[in-house]
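Comments concern the structure below.
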Amino acid sequence: MADAYEERRQQLEWLRGDAHIEHEAHRKSMSEHMGVVGSFSNAAMRSPGIAAAGAIAALLGFFSANYKAIAGTPGQIYFNDALLVFGTSVLLTVLAPGLAYFSQIAFLWSLGKEVFHYERPFIRPTRASEVYYRVGTALQVLAIAIVLGSIILLFIGGWRFLLLAHFVSEKNLLP
């Protein structure tokens, strides 16, 4: 009887040790989660904004160098379109990090709402953790869509810029 009691006590001690290990691993993953994803997402979201801002600078420089050929002509429509599209691309890249931040907060809150137990499974989701997870996922997908939209707008703006350059080159060829 004493041996059975001692064996059961030892098994419970091992189970408790396993639970502590898993709880600590869970806490560690929570702290690493924000840093890793945040650094990658910031780099991914910053790139289209920098490209669009550079495109706006190039577009404005091109316009000032070719003002006489563009002003009051159909070429001005190309200029306005390109400027609007590049500006919208910059705006989207400003919006995307905010959404990504809120998605990461939702994921972190989801992990924080999970319940620790000393029986398998040691970490169990709750209704609140599942709701936060879904909110985080939706915000993350929205942030990704916005960044992709920003990149698509860069291509559209570049196309409009090329049409403007073609218009100016055709106009300069005429006597």
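When the helices in the chain are scored as -39500 (n - 2.57) per DSSP H run of 4 or longer and the sum is shared across all residues, what 222 nm value do you end up with, to the nearest 500 deg cm²/dmol? Before the final figure, lay out the partial values.
Working: 4 runs with 154 residues, N = 175.
The helix-only estimate for the chain comes to -32500 deg cm²/dmol at 222 nm.
Estimate the FRET efficiency between Leu162 and Trp109 by the formula 1/(1 + (r/R0)^6), using the beta-carbon distance for r and 35 Å for R0, to the nearest 0.05. Walk me through the numbers before you get to the answer.
Working: r = 46 Å, r/R0 = 1.31.
Result of the calculation: an efficiency of 0.15.
In the calculated pair distance distribution of the chain, what percentage of Cα-Cα distances lie above 25 Å?
Cα-Cα pairs in the chain separated by more than 25 Å: 57 percent.
What length, rounded to one decimal in nm, is gained on full extension from Leu142 through to Tyr5, with 0.36 nm per residue of separation minus their alpha-carbon distance? Let's see the in-between values first.
Working: separation 137, 0.36 × 137 = 49.32 nm, distance 5.56 nm.
Stretched fully, the Leu142-Tyr5 segment lengthens by 43.8 nm.
Which value, in debye to the nearest 20, describes the size of the charge dipole of the chain about its Cα centre when Lys and Arg Cβ atoms bear +1, Asp and Glu Cβ atoms bear -1, and nothing else is charged?
720
Name the residues of region 68-108 whose amide N is less than 15 Å from a point 7 angstrom out from the Cα of Arg134 along the C-beta direction?
Answer for region 68-108: 107.
Once you sort the root eigenvalues of the Cα gyration tensor of region 73-175 as a ≥ b ≥ c, which label holds: rounded (a/c under 1.5), prolate (a/b larger than b/c) or oblate (the other case)?
On the way: a/c = 7.27, a/b = 5.48, b/c = 1.33.
Verdict is prolate for region 73-175.
Using alpha carbons only, how many degrees (0 to 90, rounded to 10) separate the axis of helix 127-173 from the longest principal axis of the chain?
Once rounded, the angle reads 20 degrees.
Less than 30 Å apart at the alpha-carbon level, and either on another chain or at least 8 residues along: which lysines does that give for Lys171?
Reachable lysines: Lys68.
Here, each number is a calculation from the coordinates, and none is a lab measurement. Just so it is clear, the structure is predicted and the values come from calculations on it, not from any experiment. Methodologically, a virtual Cβ is constructed for each residue, glycine included, from the backbone with ideal geometry; neighbour enumeration extends over all protein chains shown.
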